[in-house]
Amino acid sequence: MTDRAALAAETRLLAPMGEADLDAVLAIETAAAAFPWLRGHFADSLKAGYSGWVLRLGGEIVGFAMVMAAVDEAHLLNIAVAPALHRRGLGRWLLIKVMDAARQAGLFSMLLEVRPSNLGAVALYQDLGFVEIGRRKGYYPAADGREDAIVMQRALVETQA
Ligand SMILES: CC(C)(COP(=O)(O)OP(=O)(O)OC[C@H]1O[C@@H](n2cnc3c(N)ncnc32)[C@H](O)[C@@H]1OP(=O)(O)O)[C@@H](O)C(=O)NCCC(=O)NCCS
(Lines give C-alpha, C1' and ligand atoms only; values in the text may rest on other atoms or scores of the structure.)
Protein backbone atom coordinates (compact mmCIF):
# COMPACT_ATOMS: atom_id res chain seq x y z
CA MET A 1 0.00 0.00 0.00
CA THR A 2 2.39 2.68 -1.11
CA ASP A 3 0.35 4.93 -3.35
CA ARG A 4 -3.17 6.17 -3.94
CA ALA A 5 -3.81 3.64 -6.73
CA ALA A 6 -2.93 0.69 -4.50
CA LEU A 7 -4.94 2.13 -1.64
CA ALA A 8 -7.93 2.70 -3.90
CA ALA A 9 -8.02 -1.06 -4.54
CA GLU A 10 -8.42 -1.76 -0.81
CA THR A 11 -11.98 -1.82 0.52
CA ARG A 12 -12.76 1.24 2.63
CA LEU A 13 -15.47 0.99 5.20
CA LEU A 14 -16.86 3.48 7.70
CA ALA A 15 -18.10 1.64 10.79
CA PRO A 16 -19.38 2.73 14.19
CA MET A 17 -16.63 2.77 16.83
CA GLY A 18 -17.12 0.35 19.72
CA GLU A 19 -15.24 -0.39 22.93
CA ALA A 20 -13.48 -3.27 21.16
CA ASP A 21 -11.93 -0.79 18.71
CA LEU A 22 -10.28 1.36 21.39
CA ASP A 23 -6.85 -0.33 21.32
CA ALA A 24 -6.51 0.35 17.60
CA VAL A 25 -7.97 3.85 17.91
CA LEU A 26 -5.66 4.72 20.78
CA ALA A 27 -2.62 3.46 18.87
CA ILE A 28 -3.47 5.77 15.95
CA GLU A 29 -4.22 8.72 18.23
CA THR A 30 -0.98 8.28 20.19
CA ALA A 31 1.07 8.08 17.00
CA ALA A 32 -0.71 10.87 15.12
CA ALA A 33 -1.65 13.61 17.60
CA ALA A 34 0.70 16.09 19.27
CA PHE A 35 -1.47 16.10 22.43
CA PRO A 36 -3.30 12.78 22.21
CA TRP A 37 -6.59 11.91 23.85
CA LEU A 38 -6.34 9.18 26.49
CA ARG A 39 -8.42 6.00 26.46
CA GLY A 40 -10.84 7.58 28.94
CA HIS A 41 -11.65 10.42 26.53
CA PHE A 42 -12.73 7.91 23.90
CA ALA A 43 -14.55 5.64 26.37
CA ASP A 44 -16.39 8.57 27.96
CA SER A 45 -17.35 9.95 24.54
CA LEU A 46 -18.87 6.62 23.55
CA LYS A 47 -20.66 6.33 26.91
CA ALA A 48 -22.04 9.84 26.40
CA GLY A 49 -23.58 8.68 23.13
CA TYR A 50 -21.30 10.61 20.78
CA SER A 51 -20.84 9.18 17.30
CA GLY A 52 -17.51 7.41 17.05
CA TRP A 53 -16.46 6.14 13.66
CA VAL A 54 -13.62 3.98 12.44
CA LEU A 55 -12.22 3.79 8.95
CA ARG A 56 -11.35 0.22 8.03
CA LEU A 57 -9.02 -0.35 5.11
CA GLY A 58 -8.96 -3.97 4.02
CA GLY A 59 -10.39 -4.80 7.45
CA GLU A 60 -7.75 -2.94 9.46
CA ILE A 61 -8.59 0.19 11.43
CA VAL A 62 -6.50 3.01 9.96
CA GLY A 63 -8.44 6.09 11.06
CA PHE A 64 -11.22 7.34 13.28
CA ALA A 65 -13.44 10.32 14.04
CA MET A 66 -15.54 11.37 17.04
CA VAL A 67 -18.57 13.58 16.52
CA MET A 68 -20.90 15.13 19.09
CA ALA A 69 -24.36 16.28 18.06
CA ALA A 70 -25.37 19.60 19.64
CA VAL A 71 -28.95 20.53 18.74
CA ASP A 72 -28.79 20.48 14.92
CA GLU A 73 -25.03 20.88 14.59
CA ALA A 74 -22.31 18.20 14.44
CA HIS A 75 -19.18 19.03 16.43
CA LEU A 76 -16.09 17.21 15.15
CA LEU A 77 -14.19 16.48 18.37
CA ASN A 78 -11.35 14.40 16.96
CA ILE A 79 -10.16 12.84 13.72
CA ALA A 80 -6.94 11.07 12.80
CA VAL A 81 -5.42 8.73 10.26
CA ALA A 82 -2.49 6.39 10.94
CA PRO A 83 0.66 8.43 10.16
CA ALA A 84 2.10 5.82 7.78
CA LEU A 85 -0.94 6.40 5.55
CA HIS A 86 -1.08 10.21 5.57
CA ARG A 87 -1.46 12.14 2.30
CA ARG A 88 -3.18 9.29 0.49
CA GLY A 89 -6.69 10.69 0.58
CA LEU A 90 -7.92 8.73 3.59
CA GLY A 91 -8.55 11.72 5.86
CA ARG A 92 -10.59 13.39 3.12
CA TRP A 93 -12.59 10.18 2.52
CA LEU A 94 -13.19 9.71 6.24
CA LEU A 95 -14.34 13.27 6.84
CA ILE A 96 -16.66 13.22 3.82
CA LYS A 97 -18.24 9.99 5.07
CA VAL A 98 -18.60 11.38 8.58
CA MET A 99 -20.23 14.54 7.20
CA ASP A 100 -22.61 12.38 5.18
CA ALA A 101 -23.53 10.37 8.28
CA ALA A 102 -24.16 13.56 10.26
CA ARG A 103 -26.33 14.95 7.48
CA GLN A 104 -28.29 11.70 7.33
CA ALA A 105 -28.79 11.99 11.10
CA GLY A 106 -30.54 15.32 10.45
CA LEU A 107 -27.71 17.70 11.35
CA PHE A 108 -27.38 20.86 9.29
CA SER A 109 -23.80 21.99 9.87
CA MET A 110 -20.47 20.83 11.22
CA LEU A 111 -18.25 22.77 13.61
CA LEU A 112 -14.65 22.03 14.61
CA GLU A 113 -11.64 23.52 16.35
CA VAL A 114 -8.10 23.21 15.03
CA ARG A 115 -4.69 24.49 16.03
CA PRO A 116 -3.37 27.20 13.66
CA SER A 117 -0.05 25.27 13.73
CA ASN A 118 -1.77 22.14 12.38
CA LEU A 119 -1.31 23.18 8.79
CA GLY A 120 -2.24 19.80 7.32
CA ALA A 121 -5.58 19.62 9.12
CA VAL A 122 -6.38 23.26 8.34
CA ALA A 123 -5.63 22.58 4.66
CA LEU A 124 -7.87 19.50 4.69
CA TYR A 125 -10.76 21.39 6.27
CA GLN A 126 -10.41 24.36 3.90
CA ASP A 127 -10.28 21.96 0.98
CA LEU A 128 -13.58 20.45 2.14
CA GLY A 129 -15.27 23.83 2.38
CA PHE A 130 -14.89 24.68 6.06
CA VAL A 131 -14.45 28.40 6.73
CA GLU A 132 -13.09 30.14 9.80
CA ILE A 133 -15.87 31.64 11.94
CA GLY A 134 -13.82 32.62 14.97
CA ARG A 135 -10.92 31.97 17.32
CA ARG A 136 -10.84 30.63 20.87
CA LYS A 137 -7.97 32.26 22.82
CA GLY A 138 -5.56 29.85 24.54
CA TYR A 139 -7.85 26.89 23.86
CA TYR A 140 -5.15 24.22 23.57
CA PRO A 141 -2.16 23.27 25.72
CA ALA A 142 1.08 23.79 23.79
CA ALA A 143 4.76 23.07 24.35
CA ASP A 144 5.34 26.72 25.30
CA GLY A 145 2.06 27.52 27.05
CA ARG A 146 -1.27 27.70 25.25
CA GLU A 147 -2.33 27.86 21.61
CA ASP A 148 -5.46 29.44 20.14
CA ALA A 149 -8.05 27.41 18.28
CA ILE A 150 -9.40 28.31 14.87
CA VAL A 151 -13.13 27.58 14.86
CA MET A 152 -14.34 26.37 11.46
CA GLN A 153 -17.78 25.49 10.17
CA ARG A 154 -19.53 24.32 7.05
CA ALA A 155 -23.05 23.45 6.03
CA LEU A 156 -23.82 19.77 5.55
CA VAL A 157 -25.02 19.19 2.03
CA GLU A 158 -24.67 16.29 -0.40
CA THR A 159 -20.99 15.35 -0.74
CA GLN A 160 -19.26 12.77 -2.86
CA ALA A 161 -16.39 10.55 -1.69
C1 LIG B 1 -5.41 15.73 9.50
C2 LIG B 1 -5.32 14.28 9.00
C3 LIG B 1 -6.50 13.48 9.53
C4 LIG B 1 -5.37 14.27 7.47
O5 LIG B 1 -5.36 12.90 7.03
P6 LIG B 1 -4.72 12.47 5.63
O7 LIG B 1 -5.23 11.11 5.33
O8 LIG B 1 -3.26 12.65 5.65
O9 LIG B 1 -5.37 13.55 4.65
P10 LIG B 1 -5.58 13.41 3.06
O11 LIG B 1 -4.50 12.61 2.45
O12 LIG B 1 -6.99 12.96 2.82
O13 LIG B 1 -5.44 14.93 2.62
C14 LIG B 1 -6.47 15.61 1.92
C15 LIG B 1 -6.01 17.02 1.66
O16 LIG B 1 -5.79 17.72 2.89
C17 LIG B 1 -4.64 18.57 2.77
N18 LIG B 1 -3.58 18.06 3.63
C19 LIG B 1 -3.61 16.96 4.41
N20 LIG B 1 -2.46 16.83 5.11
C21 LIG B 1 -1.68 17.88 4.75
C22 LIG B 1 -0.38 18.31 5.13
N23 LIG B 1 0.36 17.63 6.04
N24 LIG B 1 0.11 19.44 4.57
C25 LIG B 1 -0.62 20.14 3.69
N26 LIG B 1 -1.86 19.78 3.27
C27 LIG B 1 -2.39 18.67 3.81
C28 LIG B 1 -4.24 18.51 1.30
O29 LIG B 1 -5.01 19.47 0.61
C30 LIG B 1 -4.68 17.10 0.94
O31 LIG B 1 -4.88 16.94 -0.43
P32 LIG B 1 -3.61 16.51 -1.36
O33 LIG B 1 -2.88 15.40 -0.68
O34 LIG B 1 -4.27 16.09 -2.65
O35 LIG B 1 -2.76 17.74 -1.49
C36 LIG B 1 -3.97 13.63 9.42
O37 LIG B 1 -2.92 14.50 9.07
C38 LIG B 1 -3.85 13.32 10.90
O39 LIG B 1 -4.23 12.25 11.35
N40 LIG B 1 -3.26 14.27 11.67
C41 LIG B 1 -3.02 14.05 13.10
C42 LIG B 1 -4.28 14.23 13.89
C43 LIG B 1 -4.85 15.63 13.68
O44 LIG B 1 -4.12 16.60 13.63
N45 LIG B 1 -6.20 15.69 13.56
C46 LIG B 1 -6.90 16.95 13.38
C47 LIG B 1 -7.19 17.55 14.70
S48 LIG B 1 -8.09 19.09 14.50
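The values are calculated or read from the model by the stated rules, or taken from the named source; none is laboratory data. No experiment lies behind these values; they were computed from the predicted model shown. Counting neighbours? That spans all protein chains shown, and the Cβs are built from the backbone with ideal geometry, glycine included. The area values use the complete protein model at the heavy-atom level, side chains included, leaving out ligands, DNA and RNA. Shrake-Rupley method; radii C 1.70, N 1.55, O 1.52, S 1.80 Å.
Evaluating residue 63 against the criteria (1) in a strand (DSSP E or B); (2) in contact with a helix residue (DSSP H, G or I) (Cβ under 6 Å, 6 or more places away or on another chain); (3) within 23 Å of residue 147 (Cβ to Cβ) leaves one unmet condition, (3). Might you let me know whether the stretch 26-40 holds any residue that is among the polar types (S, T, N, Q), exposed (fewer than 15 other Cβ atoms within 10 Å of the Cβ) and without any contact (Cβ under 8 Å) to a residue 40 or more places away in the chain? Within the stretch 26-40 (the criterion being among the polar types (S, T, N, Q), exposed (fewer than 15 other Cβ atoms within 10 Å of the Cβ) and without any contact (Cβ under 8 Å) to a residue 40 or more places away in the chain), the answer is yes, since at least one residue qualifies.
The residue pairs whose first member lies in the stretch 107-134 and is more than 11 Å from residue 152 (Cα to Cα), whose second member is open to solvent by 20 Å² or more (accessible area, probe 1.4 Å) and assigned to a loop (DSSP other than H, G, I, E, B), and whose beta carbons are closer than 6 Å, counting only pairs six or more residues apart or on different chains, are 107/72; 108/72. When the stretch 75-101 is filtered for residues that are in contact with a Phe, Trp or Tyr (Cβ under 9 Å, 6 or more places away or on another chain) and more than 14 Å from the ligand (Cβ to nearest atom), only 101 remains. The residue that is most open to solvent (accessible area, probe 1.4 Å), counting only those in the stretch 66-87 that are more than 19 Å from residue 38 (Cβ to Cβ) and in a helix (DSSP H, G or I), is 84.
Give 39, 12, 56 a once-over and let me know the one that is farther than 24 Å from residue 134 by Cα, within 12 Å of the ligand (Cβ to nearest atom) and more than 13 Å from the chain's Cα centre (by Cα). Going through 39, 12, 56 in turn, the sole match is 12.
When you scan the stretch 93-103, how many residues do you find that are open to solvent by 50 Å² or more (accessible area, probe 1.4 Å) and either in contact (Cβ under 8 Å) with a residue 60 or more places away in the chain or of a type in the set (Gly, Ala, Ser) (or both)? Adding up the residues that qualify gives 1.
Considering each of 138, 129, 120, 106 in turn, give the residue that is more than 15 Å from the ligand (Cβ to nearest atom), over 21 Å from residue 42 (Cα atoms) and surrounded by 11 or more Cβ atoms within 10 Å (Cβ to Cβ). Unique residue meeting the criteria: 138. For the stretch 136-161, enumerate the residues that are at pLDDT below 95 and either assigned to a loop (DSSP other than H, G, I, E, B) or of a type in the set (A, V, I, L, M, F, W, C) (or both). Listed by number, the residues that qualify are 142, 143, 144, 157, 158, 159, 160, 161. Considering the conditions (1) among the polar types (S, T, N, Q); (2) under 23 Å from residue 57 (Cα atoms); (3) not in a strand (DSSP E or B), residue 117 is excluded by exactly one of them, (2).
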